[in-house]
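Notes follow once the structure below has been shown.
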There are 4 protein chains.
Amino acid sequence: MCIDLNADLGESFGNWRLGDDTALLTIVTSANVACGFHAGDPTVLRRACAGAAEQGVAIGAQVGYRDLAGFGRRFIDMAPAELTNDVLYQIGALEAMAHAAGERVRYVKPHGALYNAIVRHEEQAAAVAEAVALYDPDLPVLGLPGSVWLDRAEQAGLRTVREAFADRAYTPEGTLVPRREPGAVLHDAEEIARRCLAMVRGEPVAAIDGTPVRIDAESLCVHGDSPGAVEIARTVAERLRGAGVDPAPFTAVGR
Amino acid sequence: MCIDLNADLGESFGNWRLGDDTALLTIVTSANVACGFHAGDPTVLRRACAGAAEQGVAIGAQVGYRDLAGFGRRFIDMAPAELTNDVLYQIGALEAMAHAAGERVRYVKPHGALYNAIVRHEEQAAAVAEAVALYDPDLPVLGLPGSVWLDRAEQAGLRTVREAFADRAYTPEGTLVPRREPGAVLHDAEEIARRCLAMVRGEPVAAIDGTPVRIDAESLCVHGDSPGAVEIARTVAERLRGAGVDPAPFTAVGR
Amino acid sequence: MCIDLNADLGESFGNWRLGDDTALLTIVTSANVACGFHAGDPTVLRRACAGAAEQGVAIGAQVGYRDLAGFGRRFIDMAPAELTNDVLYQIGALEAMAHAAGERVRYVKPHGALYNAIVRHEEQAAAVAEAVALYDPDLPVLGLPGSVWLDRAEQAGLRTVREAFADRAYTPEGTLVPRREPGAVLHDAEEIARRCLAMVRGEPVAAIDGTPVRIDAESLCVHGDSPGAVEIARTVAERLRGAGVDPAPFTAVGR
Amino acid sequence: MCIDLNADLGESFGNWRLGDDTALLTIVTSANVACGFHAGDPTVLRRACAGAAEQGVAIGAQVGYRDLAGFGRRFIDMAPAELTNDVLYQIGALEAMAHAAGERVRYVKPHGALYNAIVRHEEQAAAVAEAVALYDPDLPVLGLPGSVWLDRAEQAGLRTVREAFADRAYTPEGTLVPRREPGAVLHDAEEIARRCLAMVRGEPVAAIDGTPVRIDAESLCVHGDSPGAVEIARTVAERLRGAGVDPAPFTAVGR
């Protein structure tokens, strides 16, 4: 049995460091590498791509709003046609970095406020899907199950890959508990690992109110922006392996 | 007989317009399209690439320093390794735009202060050459005859293409008269056209002091950043055609 | 009888020119000078402030979202506390430019998407008002009559100044007809001038459906981003003068 | 006996943290607060100014090149007139932040590549001096003894303040040993503290080759960009205090 582990990488910028890319690349199987619009400069991206290539980690384009000051975490009400072009530009830029490492961009995952916006925003969701389809209709996309984004991507003929969040609580309906609510983010590494294993095996996990809920996902998103987060990610990977579940890029299948 | 005519395009940004891309694309055969670091946003670049593709104009990556406020016209003393990565990023980004238009990046030409710096700056010249070679060793580069840039590009195994400036005066040694000197820039469209024709035929033109000098070039650089400049470019193209010289992309040969 | 005429200035950036500041400064009495976040670099701002000071035109801080690529015309869903700080920063920066011209910032007017957002967005409206009050509680602010923005500014103790748009159609309720609707923007200079004169005299103008409507304003906003717009502004100023209405900065009173 | 201790603050940007401003503000007496061009966003600057005001630390404008990607550490060959305007803009912006904290900008210190460039670059040195003089001729400036910068600042009528670097080795001539040479940077907190004390007392310290050399300074620059650096700064402050030397802002005198 296999499962993909994805995490955000390449989010440093110039003199500012963020996250521990080196550690993460020994843990995850898919790296959502920033593309320079919300984070990441060309040197940071190239290093991240080279590291991913070396470790056999799949390189994904983590596209975002053009907003370094806001780290792509602020919704921007931009014209869909411009969003398509911004996303195209970012994928191409990262492709050059992957190419210099003997690799290529294997998938696309929107970042931050863009990720959240296109859960429901139809025009922006379609705009991002159009960019990916224009760039390469064989490029899969990662997203939230049930999102408008995955729906529009499917309509655009793209392979869609559903992800679950390792360290987030779910509602009984299987949607994420909003971050601002108590208990929304889990911190116990062993508990998180147990939940991940259950999800992978198709077994229910406890929703925030205790109701058993099934979360169907082809990839698990882990975090790496703090030493604690890296430790959790490592524990998840180890427990999965210990239980006979092999972390492997979702892109390894069918390409 | 054939000659390439190149000009800078895609240099608008957001709400700010610069140059008349539509007019230029009916005149030139190679478009040096900005890549977003000194000018050009993704929407501007995509439109420029689409226009070029439609008109059969070759798309070149006009790479520059990361300096929108200075329009890439200020030397930046950056680390060569970072310059390599900045150039790689820009080529890749433009490639995505060319690709969306059914085309690809056909050559690379540095812009502004970077163009001028690598006439002599060895590390930066080598850094740009390395970026192009990493991206695609078959990609030709455009530059000033006798520059360190073309020398380093050749050492990196790249095809180098020498360009002459249609509207600039030359010294008796065949180098450009610096812009700040009187007579450095020519304004008479017919005179410029006559000089271009002479260069193409391998005949000498008058240097600034009247000495006949031979300027050997595979491409002629024309400008399009003012209505007057577009008119000069149009006259050059018409006079060349009238004399049996066919404007054609230099990239059309040998690829 | 007096009326203020305000227009946007200082919206060029680096090598990109926008608007005819020189012409506008001979027409308007209040200059909404960009502050570098949506447009305007320090050199552009200083020149605009120097010109305004020379012509006796009041300098206003035209604060906007941090979005050069979008020219501040895209709503950004940013945290109110950060918006307060972004606005403070912009006012201070422009103040230095005004100071170098022997002048000071006389009022604040939000730009583009921020202007539109705070017609209704309570948190962002309060955030901008807080910035102005922190900077100088004696600084008046310009805005749309009936907007949440003017309401919050008043609550913050600021003097609020209502403006009308010279070249825009109004609904029978006295609100602006949205730009996308037919007839929303007026183009006939003489008609625009007649309407402006009526507004100044407290007489009704025809709403989009012909209903007479009274628009009460202390300042008239004119545009200068095209040669046609400058001509309209000039006609408005001339007709007002011809009718005995003297264009004068609203800040001239009560300071 | 008194001495000023200065350090760089406010160098975080958006989601990226840099330095420990909170710790440094309990140690130093003058804070060189970034102004948004090489580092620092408005929220970061406001927090730094508020903290400095609270702790009685003098706020200085740490002006730099417009280069977030390079953290202001790359020389930019910009026109002096534009540099003057960029510096003016930055001082004004920070002033607004200081003002919101009930304080004001007390001095100016150039950052990074600009600091280094104007040790010798006459036009840029004069350009920065002109900006400060335009803004407020009573504003003192901090710089390297013997630099063209301090010379031009003096010619512009500004009060100049010489600084020494606590953790840097000096040549027998009293200039800094370039960073790339072995032994250029000192790491032993107690040794650094002893040298600082000697400098303050007017006693010689050992140059890199052992020669005794006198370093005359009114301010000591300490660093805070790593936990180790903060510890060194703290040790310097404690040892000075223990020896009866009171850390106090240089701006406390004569204003």
Name every residue in region A:135-166 that is within 16 Å of A:VAL222 (Cβ to Cβ) and either in contact with a strand residue (DSSP E or B) (Cβ under 6 Å, 6 or more places away or on another chain) or not charged (D, E, K, R) (or both), in order of residue number.
A:LEU142, A:LEU144, A:VAL161, A:GLU163, A:ALA164, A:PHE165, A:ALA166
Restricting the first residue to region B:167-182 and requiring it to be closer than 13 Å to B:PRO145 by Cα, which pairs with a second residue that is in a loop (DSSP other than H, G, I, E, B) meet a Cβ separation below 7 Å and a spacing of at least six or different chains?
B:TYR170/B:VAL177; B:TYR170/B:ALA207; B:TYR170/B:ILE208; B:TYR170/B:ILE215; B:GLY174/B:ILE215
Every residue in region A:92-112 that is open to solvent by 20 Å² or more (accessible area, probe 1.4 Å) and within 9 Å of another protein chain (Cβ to nearest Cβ), please.
A:GLU95, A:HIS99, A:ALA100
Which members of region B:231-254 meet the condition of being within 16 Å of B:ARG162 (Cα to Cα), assigned to a loop (DSSP other than H, G, I, E, B) and open to solvent by less than 70 Å² (accessible area, probe 1.4 Å)?
B:ALA248, B:PRO249
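This table checks each residue for (1) on the phi > 0 side of the Ramachandran plot; (2) open to solvent by 30 Å² or more (accessible area, probe 1.4 Å).
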position: C:ALA153; (1), (2): no, no
position: C:ARG168; (1), (2): no, no
position: C:PRO172; (1), (2): no, yes
position: C:VAL177; (1), (2): no, no
position: C:GLY183; (1), (2): yes, yes
position: C:LEU186; (1), (2): no, no
Of the residues in region A:78-91, how many are more than 7 Å from every other protein chain (Cβ to nearest Cβ) and among the β-branched types (Val, Ile, Thr)?
2
Do we find a residue being acidic (Asp, Glu), in a loop (DSSP other than H, G, I, E, B) and under 30 Å from C:ARG104 (Cβ atoms) anywhere in region D:152-161?
no
Test: B:ARG46 is under 30 Å from C:SER226 (Cβ atoms), open to solvent by 10 Å² or more (accessible area, probe 1.4 Å), charged (D, E, K, R) and within 14 Å of chain A (Cβ to nearest Cβ):
yes
Do you know which residues across region B:74-110 are among the basic types (Lys, Arg) and within 23 Å of B:THR160 (Cα to Cα)?
B:ARG104, B:ARG106, B:LYS109
Confirm whether A:THR235 is modelled with pLDDT under 95 and not aliphatic (A, V, I, L, M).
no
Mind checking which residues of region D:70-81 are without any contact (Cβ under 8 Å) to a residue 12 or more places away in the chain and farther than 22 Å from B:ASP86 by Cβ?
D:ALA79
Count of residues meeting criterion [in contact with an Asp or Glu (Cβ under 9 Å, 6 or more places away or on another chain), more than 22 Å from C:ASP246 (Cα to Cα) and open to solvent by 20 Å² or more (accessible area, probe 1.4 Å)] in region C:188-209:
1
So is D:ALA153 at pLDDT below 95 and not charged (D, E, K, R) or not?
no
Could you list, in sequence order, the residues of region C:58-77 that are within 13 Å of chain D (Cβ to nearest Cβ) and open to solvent by 10 Å² or more (accessible area, probe 1.4 Å)?
C:ARG66, C:LEU68
Only one of these conditions is not met by C:GLY146: (1) at positive phi; (2) in contact with a His (Cβ under 6 Å, 6 or more places away or on another chain). Which number is it?
(2)
Considering only region A:32-50, I want to know if a residue exists there that is under 15 Å from the mean Cα position of the chain (by Cα) and among the basic types (Lys, Arg).
no
Confirm whether D:ALA127 is in contact (Cβ under 8 Å) with a residue 40 or more places away in the chain, touching a helix residue (DSSP H, G or I) at 6+ places or on another chain (Cβ under 6 Å) and open to solvent by 10 Å² or more (accessible area, probe 1.4 Å).
no
Members of region D:210-225 found to be under 27 Å from D:VAL141 (Cβ atoms) and either outside any strand (DSSP E or B) or open to solvent by 20 Å² or more (accessible area, probe 1.4 Å) (or both), listed by number
D:ARG214, D:ILE215, D:ASP216, D:ALA217, D:GLU218, D:VAL222, D:HIS223, D:GLY224, D:ASP225
Taking the condition more than 14 Å from every other protein chain (Cβ to nearest Cβ) and over 15 Å from B:GLN62 (Cα atoms), does B:GLU154 pass?
yes
Do you know which of the residues in region D:3-24 that are crowded, with 24+ Cβ neighbours inside 10 Å and more than 18 Å from D:VAL108 (Cα to Cα) is nearest to the other protein chains (Cβ to nearest Cβ)?
D:PHE13
Just checking: which of the helices (runs of 4 or more DSSP H) contained wholly in region A:45-146 hold 3 or more residues that are over 25 Å from D:GLY14 (Cα atoms)?
A:80-100, A:122-135
Meets criteria (under 27 Å from A:ARG239 (Cα atoms) and open to solvent by less than 10 Å² (accessible area, probe 1.4 Å)) for A:GLY51
no
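The values are calculated or read from the model by the stated rules, or taken from the named source; none is laboratory data. These numbers were taken from a predicted model, which means no experiment stands behind them. In this analysis, Cβ positions are derived from the backbone assuming ideal geometry, glycine residues included, and neighbour counts consider all displayed protein chains. We work out accessible area using only protein heavy atoms, side chains counted, and drop any ligands, DNA or RNA first. Shrake-Rupley method; radii C 1.70, N 1.55, O 1.52, S 1.80 Å.
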